[in-house]
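As structure tokens, the structure follows; a few thoughts come after it.
The values are calculated or read from the model by the stated rules, or taken from the named source; none is laboratory data. Bear in mind the structure is a predicted one, so any value in this text is a computation, not a measurement. Here the Cβ is made from the backbone with ideal geometry for all residues, glycine too, and neighbour counts use every protein chain on show.
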């Protein structure tokens, strides 16, 4: 447990607009994580980036403090200047051991989210972990912790009303968009075909919007979403040449630089001068600040949803105590499992040693006596030995677990 460490940068300490500067470009993410893993003596590691947090979850025996975090972030080469880097490190929260597990459980149950009760965070957390596992960044240790995380979150969502009438960043964004009273044939450009845009697309479909064009870095993903929406699909590069006009842009990508620049926006307008709407749910924003300065825009972003998020927290406050009780029960249960796992790992050589003793007895110590036995007697002896072998393997394991747990 004590080796579990988390370096967290969240909306509670850092403005969302600034938080986006910590997001690592996906193209070389795996290589960078392998590099820092090796350099800093981290045995297991994964990285999580959502609309309101950037976190690094790791197993390491080394001290993880602000100085460690400073060197760690510098090695990741996120492009931050020394001034910004210093501000981020000052705002970082570092968790260790039981506190780190408690933080992960609270996060998975959305208690640490901008919108308490939204379930998207659990899916995002699992996806981040699964990606790291597939890339060889994690092992048995974080596997156990993640099992506990998923189990706890499911219990909280099942046995409390924390997610009753669920509200999410996407649903709040859609509410704001819906307040603009757009007609159902409004021309909607969707930039990015990830989970967030897939979710908001379902809201749009449900409310009978029907005029879509989907842009994505990978065309096949754009085509898949476009088929669901009965719209057109394009690569992201085609955005600069699109000339059919638009009424709404909905964007959410993992790009670290703005996609909608003043030049791109002017081109998309195609001569139209009316006020348009941009729903930007990306962190960092996909929309360059200059676009908002130079053009009349209804701009909906994650930061603008804070007030609604605060009201949502007050509504769900009574459920927090129940959820925290479930979390505490799971931490206690997990500590027991962790002790049992330590015993299993410490005694994993016991079966091999017992098999060695058996083979030595049969093939060396009692070899001559066994040769003189008839087939039936030999068969009975084999059964006795097999039975005793299984018991000799299981009994010390069970006893060791009992001793450890009771003490």
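Please enumerate the residues belonging to the stretch 211-220 that are crowded, with 17+ Cβ neighbours inside 10 Å and out of contact with any helix residue (DSSP H, G or I) (no Cβ under 6 Å at 6 or more places or on another chain).
211, 213, 219
Is there any pair with a first residue in the stretch 372-389 that is assigned by TED's automatic domain parsing to the domain that holds residue 358 and a second that is in a loop (DSSP other than H, G, I, E, B) whose Cβ atoms are under 8 Å apart and which are 6 or more apart or on different chains, and what are they?
none
Please work out if residue 116 is surrounded by 22 or more Cβ atoms within 10 Å (Cβ to Cβ) and over 9 Å from the mean Cα position of the chain (by Cα). Before the answer, list the steps.
On the way: surrounded by 22 or more Cβ atoms within 10 Å (Cβ to Cβ): yes; over 9 Å from the mean Cα position of the chain (by Cα): yes.
Judged against the criteria, residue 116 is a match.
List the residue pairs whose Cβ atoms are under 7 Å apart, where the first residue sits in the stretch 354-365 and is under 11 Å from residue 389 (Cα atoms), the second is surrounded by 13 or more Cβ atoms within 10 Å (Cβ to Cβ) and at pLDDT below 85, and the two are 6 or more positions apart or on different chains.
354/389; 354/392; 354/393; 358/389
Looking for something part of a strand (DSSP E or B), under 14 Å from the mean Cα position of the chain (by Cα) and within 21 Å of residue 126 (Cβ to Cβ) - is there at least one such residue anywhere in the stretch 58-68?
In the first step, residues of the stretch 58-68 are kept if they are part of a strand (DSSP E or B); the result is 58-59.
Checking which are under 14 Å from the mean Cα position of the chain (by Cα) leaves us with 58.
Pick out the ones that are also within 21 Å of residue 126 (Cβ to Cβ) and you get 58.
Yes, the stretch 58-68 contains at least one residue that is part of a strand (DSSP E or B), under 14 Å from the mean Cα position of the chain (by Cα) and within 21 Å of residue 126 (Cβ to Cβ).
Identify all residues within the stretch 125-146 that are surrounded by fewer than 20 Cβ atoms within 10 Å (Cβ to Cβ) and within 13 Å of the chain's Cα centre (by Cα); write none if there are none.
126, 127, 128, 130, 131, 133, listed by residue number.
Name every residue in the stretch 256-268 that is at pLDDT below 90 and either under 25 Å from residue 184 (Cα atoms) or touching a helix residue (DSSP H, G or I) at 6+ places or on another chain (Cβ under 9 Å) (or both), in order of residue number.
256
If we scan the stretch 170-187, do we find a residue that is under 19 Å from the mean Cα position of the chain (by Cα) and either under 21 Å from residue 225 (Cβ atoms) or part of a helix (DSSP H, G or I) (or both)?
yes
Taking the stretch 205-223, which residues are at pLDDT below 90 and part of a helix (DSSP H, G or I)?
205, 206 - these are the residues of the stretch 205-223 that are at pLDDT below 90 and part of a helix (DSSP H, G or I).
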